[in-house]
1. Of these, 373, 387, 379, which one is within 54 Å of the chain's Cα centre (by Cα), within 14 Å of residue 319 (Cβ to Cβ), of a type in the set (Asp, Glu) and at pLDDT 90 or above?
2. Looking at this structure, is residue 328 modelled with pLDDT of 85 or more, outside the structural domain of residue 442 (by TED's automatic domain parsing) and not hydroxyl-bearing (Ser, Thr, Tyr)?
3. What do you reckon, is residue 281 closer than 28 Å to residue 427 by Cβ, surrounded by 12 or more Cβ atoms within 10 Å (Cβ to Cβ) and not assigned by TED's automatic domain parsing to the domain that holds residue 414?
4. Output the number of the condition that residue 399 fails; it satisfies all remaining conditions of (1) buried (at least 17 other Cβ atoms within 10 Å of the Cβ); (2) over 30 Å from residue 449 (Cα atoms); (3) modelled with pLDDT under 85.
5. Can you confirm whether residue 182 is hydroxyl-bearing (Ser, Thr, Tyr) and loosely packed, with under 12 Cβ neighbours inside 10 Å?
6. Suppose we filter 206, 158 for residues that are among the β-branched types (Val, Ile, Thr), closer than 15 Å to residue 136 by Cα and under 22 Å from the mean Cα position of the chain (by Cα); which single one remains?
7. Does residue 246 fit the bill of being modelled with pLDDT of 90 or more and among the polar types (S, T, N, Q)?
Amino acid sequence: MHIAARGVGDLSRVIAGCAGATVAVIGFLEVGGATPAPAAGLIVAGLALLIYAVRGGRKRSAIWGVTVALIAAAAVASGSALFLGGITVVTVLAALVYRLDAPPPPPAPPGPAAEPRLRPDFAETLWQSMNEAVMVLDANYRVIDVNRRWRELTGYDTVAEAPAPPLPGAGGDWLLPRADGTTVPVLATVATIADEAGAPRGYVATYVDIAERKRAEEALSRHADELERGNAQLASALAFKNDLTSMLTHDMAQPISSIASLAELLCADWGDLPDDIRLELARKVDKNTRRLVKMMNDLQLLFRLDTGAVTARRVPVPLREVAEAATRVTGGADQVKITIDDGLSALADRGHLIAVVENLLKNALAHGAAPVEVRADREGPETVLLEVRDSGPGIPDDLLPNLFGRFIRGAGLGLFIARHLVEANGGSLRYEHAKPRGARLLITLETAPRAPGETPSPTLP
């Protein structure tokens, strides 16, 4: 609608201009006639139409046109001598009207030359000053150019040496190869440069050095691991404290209480007690004292095991001698049967192995039933198996998961210490049910070389 109205306006101005020019020409042709006044009116009217057409039909132009027409008519009516002067006045005034009423020229629209452009030297400076390493590739993924930061990061000097970047869409954390054979962790991104049809015309690979971030992450991870180990050690120390408190409260309280009662009885009634009763009470005090000393020694060994202060000096140890020494300590020689070849030896610390067998025998005599048997034989070319077996009901299944734990109510520290001492000597300790009944505690150790003349003992079932 706006375009149609504008076209009609332009057409009306063209018609007015043509009409004005025609009327003005007719007026000039009639100047020499008998009636100059009508000719002058035609000229004035034609000029008014011309001014209106030229000035776009504005009201101010129409007022100036009427004014020009009146002045021209007055000049023509004054006589033919003033006719040329009137025409001149009309022309000058028309030009003045056009000049005064002319709108200011519209500003020229900005062309392509007015758009800001980067100078080539400035663009090169910006490209080389980037903190990110940048690589430009063509549509065939061949390297075209790299910036200064890329050369610094990789150590390569020429484009021909540049390693291929990750494929588009395969960026992220990336190890960028360096000229010295090492790698540097980077955050890699690859952007595709498409042409007007959307086909790739090139690629831009950008690398951000994240070595500092990686070092910070590794340091944080190490710190977290240290905290976790510290928490585990703290939890273990707390569990040890609780177990130790439980042991001191229950296992050690009984012999201390018994010693205190017996000593009080002896002191109070020494003169009234017969000699045999005094001897029996003194033996009970001695037995409980020895039991208490054994617990203290076990605690001392436990502390050393927890701190890793126990070291094994492994030498070939005859297993029969170890079993006999442990049996004498337990005082159960009449209840223990030893079935071990004289020449069979194991690589172990002699004192450790005696303590292990002693603890196993005490456990068998206290919680199992006689007869108790100690047996040993080669289990293979490099190992020997030592067994302590009793004829009791065996260990209940509900106790097996914690059988070799630090504190088992009523069992003291024997099995826990035995397991750790065996492991300190490169062996292992396990439990099996005996058939038809009983408990089997089996020790596996590295065997010593077979002695000359040694004959294999019966194979353990």
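The values are calculated or read from the model by the stated rules, or taken from the named source; none is laboratory data. Source: prediction; values computed, not measured. With ideal geometry, Cβ positions are generated from the backbone for all residues, glycine too; neighbour counts draw on all protein chains shown.
1. 387
2. Judged against the criteria, residue 328 is not a match.
3. For residue 281, the condition - closer than 28 Å to residue 427 by Cβ, surrounded by 12 or more Cβ atoms within 10 Å (Cβ to Cβ) and not assigned by TED's automatic domain parsing to the domain that holds residue 414 - is not met.
4. Checking residue 399 against (1) buried (at least 17 other Cβ atoms within 10 Å of the Cβ); (2) over 30 Å from residue 449 (Cα atoms); (3) modelled with pLDDT under 85, the one that fails is (1).
5. yes
6. Residue meeting the stated conditions: 206.
7. In short, no.
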